[in-house]
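Structure record follows, encoded as structure tokens.
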Amino acid sequence: MAEESLNFTSQSDVEELLLKAGYLPTLEICSVLFLADRLKKPVLVEGPAGTGKTQLAKSIAQALGSRLIRLQCHEGIDEAKALYEWNYKKQLLRIQSDQLSQSWNQIEENIFSEEFLLERPLLEAIRADDPVVLLIDEIDRVEVETEALLLEVLSDYQVSIPEMGTVTANQMPLVFLTSNNTRELSEALKRRCLFLYLDYPDRDRETAIVLSRVPGISTALAESVTSFVSSIRELDLKKLPSVSETIDWASALVQFGVSEVDESIAKSTLNVLVKYRSDMVKVSKALLSS
Amino acid sequence: MIVDRLIDFIEALRASGVPISILESIDATSSLKYVDISQKEMVKSYLAGSLIKDQSHRKVFDQLFDVYFSSGSTAENMTSAALEKEISESFADVDDDELREMIASATQSGDVEALKAMVSLAVSRYAGIEPGRPVGGRYYAYRTYQGLNMDKIQTSIFDGRVSQLPSDDSLGRKLINREVELELAKISQLVEDEIRRRMVGERGPEAVARTLRATLPQDIDFMYAGADELNEIERSLEPLVRKLATRLERQRRHGGTGSLDYRATIRKSMAYGGVPIDLVYHRAFPSKPELVVVADISGSVASFARFTLLMLYALSGQFSKVRSFVFIDEIDEVTEIFDKSDDINEAMTQVNSRAKVVWMDGHSDYGRVLESFFERWGQALNHNSTVLILGDARNNYHPSRAGILANLRMKVRQIHWLNPEPASYWDSGDSIIGEYGIYCDSVNECRNLRQLQSFVRRLA
């Protein structure tokens, strides 16, 4: 097992690091990250689309100066894409070239060695010598059976390769899993992780996010932007505006030289925030007298 | 000490249906090593991160956490009781209107400490908490709201903010109105917290946890849910349906193989001299049933019908067709309303206003409805139709005419009855579910989302 290596000195350290990377954390985010570092557990981040789940992993990697290794999940992902694969073409070449000079035993020993191993993200993260952050994105897209592939990595930070033996982590990577909650994850997976739910930010936090991400915006405009957006999120829409859409809208308003959101402005720029026609009708009906 | 309390807390969570494994409780316990125990919010976030792995469990967690960890030791309670007394004495000459104003202005300025003190005063003054009286906190909260007159507070905060706006800014008014509602919800929350804290101090956490009856959204009873709880069910319906749809879709796509294809197997065996080495199977095409939903929408079971229809329409891709009928003592087809509208909630409102479901007195009459249904739409049903009947079979002592259901059963593939009443109430009073049940393929108790979900999974 790898020696004790801590990424954070205290919980306020987490907060400072994230702020430095331009990510405004909540108390809950800091707590769970700090705890994950101390308990050596992966973090399962869940929540609606566009609330900064992936960004959280990116920001923490940036703040710690670690390398981010990302495994984008999709249906049909398997061992060969997630863990490792033998480079069989190279193995064949080796067998052919060694055929005359070496005995079979020697060849076999040779072709199942590191030289012929193709690292995929999970193994790469385990074997890395430098500090890394491992991001397993959209875990809910893989089938339940495939989830089992991850369990060994997530609980013991090791990968078993039948031909070679077990590869154990040189250092504990920080691991993030994100999920859009389209499927129930297995109990086994959930048990091994700490859980963090990222909802849409409340108004104060979103205002702070807008202020930090949109250059030249006034506090008054930022407040009226987030007030409008958070009212939209109360409605029953097909797709709620994400944080990045709030930021886009705010930047657009700054470009237009608007100082405060009023009805005509909201009406003419609504398509930045709301992407479905039926949703637009609903927003207009509820908030804008048309 | 704190670990004992944590263990009690975990027990209470499990009793409410939140699954917590041993590994998770160990994580929670070790997480306490890294946190200053006097920091309640911090402790809460640590425990939530290690114990709760499903956001729909979070509300129950929050409720129980407040019960088990909000009040401190007995000594602390003594001082806080003294403090309560001091507050109510020093503000004894503040009358009700002034108290309202103080709460409104504390809300305006965002002064949480002052607001808490005012709320504590209001609770002392209006709730009338009597030690040892076995009532739930809701009763006390209700009395406090009445005494405070929350509407007046709302108007006062609203007027204060709106006065700064130009008079023609209707968007601004709407936004402010919503913000004020949020502020008010915060005040209500403070009131409830304060009452809970006092009750825990008096009775101990276990007793309060029992009266709290913290329920997961999927276990809330449709028939007895209050308005808040109905909203909660509705909120948790959407992710639940999404998960169910993904799952059914995958099952369909990766569904097992069908029966052995003898012809193709023999043909293939030719290549091996007649030995059937490769077996060939028919591809399985699980047929999608055509659903015919017949729903009682009279008062007592309306919300059950609503949730069932919401769920079935959200899953309509899993069925070849969904036809829906609603009735009280007359039946009407509403398929078209659902087909035309792309918003289910709006469609439900239209169903309530447009469908002709009352014939005589607006009391459910299953016998009459069955007769009318069979006469008018019986021709359109065939062996590919699966009929779902939603209702409590409380027939107000009208004749059952169960024979019609028997005839119906001959025409269709299956009939399932979903009854939102607890099974122990069936066939008592005017419930005649037993008379109908013998002609149904299954009669299912469907009191909550969990049961509804498991039925739909079997159906699709």
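Give me a count of the residues in the range B:209-226 that are touching a residue at least 24 places away in the same chain (Cβ under 8 Å) and part of a helix (DSSP H, G or I).
Within the range B:209-226, residues that are touching a residue at least 24 places away in the same chain (Cβ under 8 Å) and part of a helix (DSSP H, G or I) number 6.
If a residue must be assigned to a loop (DSSP other than H, G, I, E, B) and either at pLDDT 80 or above or touching a helix residue (DSSP H, G or I) at 6+ places or on another chain (Cβ under 7 Å) (or both), how many such residues does the range B:227-267 contain?
Selection size over the range B:227-267: 2.
Which of the following residues is assigned to a helix (DSSP H, G or I), in the same structural domain as residue A:67 (by TED's automatic domain parsing) and among the charged types (D, E, K, R): A:233, A:191?
The unique qualifying residue is A:191.
Does residue A:60 fit the bill of being part of a helix (DSSP H, G or I), touching a residue at least 60 places away in the same chain (Cβ under 8 Å) and away from chain B (no Cβ under 14 Å)?
Here the answer is yes, as residue A:60 does meet what is asked.
Could you please find all residues in the range A:240-264 being within 14 Å of chain B (Cβ to nearest Cβ) and out of contact with any Lys or Arg (no Cβ under 6 Å at 6 or more places or on another chain)?
Correct list: A:258, A:259, A:260, A:261, A:262, A:263, A:264.
On the given criteria, is residue B:206 part of a helix (DSSP H, G or I), in the same structural domain as residue B:132 (by TED's automatic domain parsing) and crowded, with 16+ Cβ neighbours inside 10 Å?
Taking the combined requirement at face value, the residue does not satisfy it.
List pairs: first in the range B:416-432 and free of Cβ contacts under 8 Å to residues at least 60 places away in the same chain, second surrounded by fewer than 15 Cβ atoms within 10 Å (Cβ to Cβ) and of a type outside the set (D, E, K, R), Cβ under 9 Å, 6+ apart or cross-chain?
Partner pairs satisfying both residue conditions: B:416/B:442; B:417/B:442; B:426/B:434; B:427/B:434; B:430/B:396; B:430/B:397.
Can you find even one residue in the range B:315-326 that is assigned to a helix (DSSP H, G or I) and either β-branched (Val, Ile, Thr) or within 14 Å of residue B:293 (Cα to Cα) (or both)?
yes
Report the residue count in the range A:270-290 for those that are within 9 Å of chain B (Cβ to nearest Cβ) and hydroxyl-bearing (Ser, Thr, Tyr).
The qualifying residues number 2.
Among the candidates A:265, A:217, A:247, A:209, single out the residue that is assigned to a loop (DSSP other than H, G, I, E, B) and not assigned by TED's automatic domain parsing to the domain that holds residue A:36.
Among A:265, A:217, A:247, A:209, only A:217 is assigned to a loop (DSSP other than H, G, I, E, B) and not assigned by TED's automatic domain parsing to the domain that holds residue A:36.
Does the range A:153-163 contain any residue that is crowded, with 18+ Cβ neighbours inside 10 Å and either at pLDDT 90 or above or at the interface with chain B (Cβ under 10 Å from one of its Cβ atoms) (or both)?
no
Scan the range A:25-47 and give yes if some residue there is more than 13 Å from chain B (Cβ to nearest Cβ), surrounded by fewer than 21 Cβ atoms within 10 Å (Cβ to Cβ) and outside any helix (DSSP H, G or I), otherwise no.
No, there is no match, as no residue in the range A:25-47 is more than 13 Å from chain B (Cβ to nearest Cβ), surrounded by fewer than 21 Cβ atoms within 10 Å (Cβ to Cβ) and outside any helix (DSSP H, G or I).
Output the residues belonging to the range B:36-54 that are within 7 Å of chain A (Cβ to nearest Cβ) and surrounded by fewer than 19 Cβ atoms within 10 Å (Cβ to Cβ).
The one that is within 7 Å of chain A (Cβ to nearest Cβ) and surrounded by fewer than 19 Cβ atoms within 10 Å (Cβ to Cβ): B:41.
If you go through the range B:310-327, how many residues are without any contact (Cβ under 8 Å) to a residue 40 or more places away in the chain and out of contact with any Leu (no Cβ under 8 Å at 6 or more places or on another chain)?
Summing the residues that are without any contact (Cβ under 8 Å) to a residue 40 or more places away in the chain and out of contact with any Leu (no Cβ under 8 Å at 6 or more places or on another chain) in the range B:310-327 gives 3.
Going by the conditions given, is residue B:400 among the small types (Gly, Ala, Ser) and either in contact with a Cys (Cβ under 7 Å, 6 or more places away or on another chain) or over 26 Å from residue B:319 (Cβ atoms) (or both)?
In short, yes.
I'm checking my understanding of the structure. Among residues of the range B:402-441 that are hydroxyl-bearing (Ser, Thr, Tyr) and closer than 21 Å to residue B:367 by Cβ, which one is surrounded by the most Cβ atoms within 10 Å (Cβ to Cβ)?
B:436
The values are calculated or read from the model by the stated rules, or taken from the named source; none is laboratory data. Keep in mind that this is a model prediction, so the values were computed, not measured. Counting neighbours? That spans all protein chains shown, and the Cβs are built from the backbone with ideal geometry, glycine included.
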